[in-house]
Amino acid sequence: MGISGYDYRGWKDAFYPPGVPRRSWLAFASRVFNSIELNGTFYSLKSPATFARWAGDAPDDGFVFAIKGGRYITHNLKLRNCETALGNFFASGVLALGRKTGPFLWQLPATYRFEAARLDDFIRALPKDSRDAERVANGHDHRLRRGAMLRSDVRVVYRHAFEVRHPSYFCDEFYDLLRRHKCGFVIADTAGTFSYAEQVTADFVYVRLHGSSALYASDYTDEELAGWAAKVRDWTDRGRDAYVYFDNDAKVHAPYNAMQLADLLT
């Protein structure tokens, strides 16, 4: 249970108490939640030093990061011819997270349709664990100007989840493809902006709550949070892990909604 990102200036003196400097925001947030979605990795390649700092700021006991895949791969290349781009992404420092590595989020834009062969090829190229990620990382190129990390100290099994927005993805063929590869379908509440479905395609469930009435901005009501708590209990009672992230960050609702849902579940 956690938040999508943590570095929001509007949260200063609201969620982050007065006197807590920006450099300590991750350390603070990672002791409120047991998971945080790293969304900065979507916008640009980071460095091994950055990933090492993230890992060092977070607690050692039970905390995991979700890592959002780079938009250069998903939006620019559109999952095609991305072997080198995947090498750059996984060599940029991902391996430094070690046992704090949670699921990888691949968010696809609403601008292109579902193509089974394209997605199948992409999933086959994704590393299944940190050892496999070492192999992928060795395919990096000169774009990693701040260094590359090509070895992991521990073996960690990787999970991959897909958040889709084009209506053509909401079909049995897509869900079955995810099931074959044991990848997760992201259940995304987008205030009706994009299509919605609740499909469970793996041994884990990935939920992103962007806002129920206003995208990225609306506060979840007590009734809505109780509904999500019931769903999470049902998934976990059936033996699945659940990752739930609030992305309604615009008006500082995300951290408080995440704390409320965590309280309901405990």
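Values in this text are rule-based calculations from the coordinates and carry no lab data. From a predicted model like this one, the values you see are computed outputs, not experimental measurements. Methodologically, a virtual Cβ is constructed for each residue, glycine included, from the backbone with ideal geometry; neighbour enumeration extends over all protein chains shown.
Structure notes:
- Looking at segment 136-171, none of the chymotrypsin sites (Phe, Trp or Tyr not before Pro) sits in a DSSP loop with at most 13 other Cβ atoms within 10 Å of its own Cβ.
- Candidates Phe174, Ala66, Ile187 compared by Cα position along the dipole of the chain: farthest toward the positive end lies Ala66, with charges placed on Cβ.
- Using C-alpha pairs below 8 Å separated by at least 6 residues, the relative contact order for the chain is 18 percent.
- DSSP bridge orientation in segment 2-265 - percent antiparallel, rounded to nearest 5: 5 percent
- Close lysine pairs were tallied over the chain: pairs 8 or more places apart or on different chains with Cα atoms under 19 Å apart number 9.
- Only helices enter the 222 nm calculation for the chain: every DSSP H run of n ≥ 4 contributes -39,500 (n - 2.57), and dividing by all residues gives -9000 deg cm²/dmol, rounded to 500.
- Within the chain, the longest run free of trypsin sites (Lys or Arg not before Pro) that sit in a DSSP loop with at most 15 other Cβ atoms within 10 Å is 183-237.
- For segment 60-141, projected area of the alpha-carbon convex hull averaged over all directions, nm²: 5.6 nm²
- Dipole magnitude for the chain: about 1140 debye, using +1 per Lys or Arg Cβ and -1 per Asp or Glu Cβ, origin at the Cα centre.
- Label point 7 Å beyond Cα of Asp222 along Cβ direction - residues of segment 238-266 with amide nitrogen under 20 Å: 253-266
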